[in-house]
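The block underneath contains the structure these notes are about, expressed in structure tokens.
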Amino acid sequence: MWIDSHCHLNHKNLAKAGTLDEIVQNAHEAGVDKMLTICCEIHREYEQLKEIAEKYDIWATVGTHPHDAAHVEEMEYTADDIVRFAKHPRIVGIGETGLDYYYDTSPREEQLENFRKHIRAAIEAELPLIIHTRDADEDTIRLLKEEGQGDKRMRGVFHCFSGGMDLAEKGLDLGFYISFSGIVTFDKASELRDVARATPVDKILVETDSPYLAPVPMRGKTNEPRNVIHTGEMVARLKQMSVADFAKQTSDNFYDLFSKAKEVV
């Protein structure tokens, strides 16, 4: 059975693929047993995602996306607030958070402070970070080192990884996992496939990031959790593993990282 380690089940665009009941049923029929639905705006999504997680027997996270780092409501939350929100039994991770210098939707200073706040919260809550980083490799690693300072409680995943081997190696050196999305199936993603080949199999997760980034052969359609199998099949080939063995390995990896999820299975 597969786990979709990163999806956005409350996203309005997901409705193009059907009702939430239908989307979850589609996932189960495809062999996707569990999902982690991700928070991007605490003030707007936290309560909603808790309800979704409870209804469908899955998990959720709490955090502020770098695109939303400058929103007044999000800036008011402290690291202590995030830790408090994370005490809910269905909340198993902190994020998604990080730095996005490609779009620069939020000023970089606000992004940096937001990321620092989440790193501190994740360490205090002893929960993994879900990191979004784009065109910000140097600052991402720098802040993790500055805030983490070797604290073994700091752990997490570089979600929807699209960087190079240098970033992957630095993330792995910090003990982080690498999550591959549908991007790894794209024709032009040969360098990313090289990263997947080189990444230790016990440090790999798979995700959809739905409703975005539908993998081949679903390109052009609204992405949904059931499509994680296509990404998984691609990475299994790259690792020269059977699909069944790779599905089990990535599920085991998920529970190793998101250990709180084992308490609510």
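When ALA60, ALA53 are screened for being at pLDDT 95 or above, part of a helix (DSSP H, G or I) and not basic (Lys, Arg), only ALA53 passes. Pairing each residue of region 82-104 that is over 21 Å from CYS160 (Cβ atoms) and at pLDDT 95 or above with any residue that is among the aromatic types (Phe, Trp, Tyr) and not in a strand (DSSP E or B), provided the two are 6+ apart or on different chains, yields C-beta distances under 9 Å for PHE85/TYR46; PHE85/TYR77; HIS88/TYR46. Annotation note: of ASP139, ASP173, the sole residue that is over 17 Å from the mean Cα position of the chain (by Cα) and touching a residue at least 40 places away in the same chain (Cβ under 8 Å) is ASP139. The set of residues in region 135-171 being within 29 Å of THR231 (Cα to Cα) and small (Gly, Ala, Ser) consists of ALA136, GLY156, SER162, GLY163, GLY164, ALA168, GLY171.
Summed over region 146-168, the residues that are under 21 Å from PHE258 (Cα atoms), among the charged types (D, E, K, R) and part of a helix (DSSP H, G or I) give a count of 1. The residues of region 215-236 that are part of a loop (DSSP other than H, G, I, E, B) and surrounded by fewer than 23 Cβ atoms within 10 Å (Cβ to Cβ), listed by number, are VAL216, PRO217, MET218, ARG219, GLY220, LYS221, THR222.
Across region 109-130, the qualifying residues are those that are in contact (Cβ under 8 Å) with a residue 12 or more places away in the chain and over 29 Å from TYR255 (Cβ atoms), and the one among them that is surrounded by the fewest Cβ atoms within 10 Å (Cβ to Cβ) is GLU113. In summary, THR64 fulfils each of the numbered conditions (1) over 29 Å from ASN223 (Cβ atoms); (2) in contact with a Phe, Trp or Tyr (Cβ under 8 Å, 6 or more places away or on another chain); (3) of a type in the set (Ser, Thr, Tyr) with the single exception of condition (1). Screening LEU112 against (1) over 14 Å from CYS40 (Cβ atoms); (2) assigned to a loop (DSSP other than H, G, I, E, B) leaves a single unmet condition, (2). Does region 1-13 contain at least one residue that is closer than 18 Å to PRO215 by Cα, surrounded by fewer than 21 Cβ atoms within 10 Å (Cβ to Cβ), aliphatic (A, V, I, L, M) and in contact with a helix residue (DSSP H, G or I) (Cβ under 9 Å, 6 or more places away or on another chain)? Scanning region 1-13, I find no residue that is closer than 18 Å to PRO215 by Cα, surrounded by fewer than 21 Cβ atoms within 10 Å (Cβ to Cβ), aliphatic (A, V, I, L, M) and in contact with a helix residue (DSSP H, G or I) (Cβ under 9 Å, 6 or more places away or on another chain), so the answer is no. Report, by residue number, each residue of region 182-207 that is touching a residue at least 12 places away in the same chain (Cβ under 8 Å) and basic (Lys, Arg). Passing the criteria: ARG193, ARG197, LYS203.
Out of curiosity, is GLU138 in a helix (DSSP H, G or I), under 20 Å from GLY163 (Cα atoms), among the charged types (D, E, K, R) and modelled with pLDDT of 95 or more? So GLU138 fits the description; yes. Filtering region 76-109 to residues that are in a helix (DSSP H, G or I) and touching a helix residue (DSSP H, G or I) at 6+ places or on another chain (Cβ under 7 Å) leaves ALA79, ILE82, VAL83, PHE85.
The values are calculated or read from the model by the stated rules, or taken from the named source; none is laboratory data. These numbers were taken from a predicted model, which means no experiment stands behind them. A quick note on method: Cβ atoms are made from the backbone with ideal geometry, for glycine too, and the neighbour counts reach across all protein chains shown.
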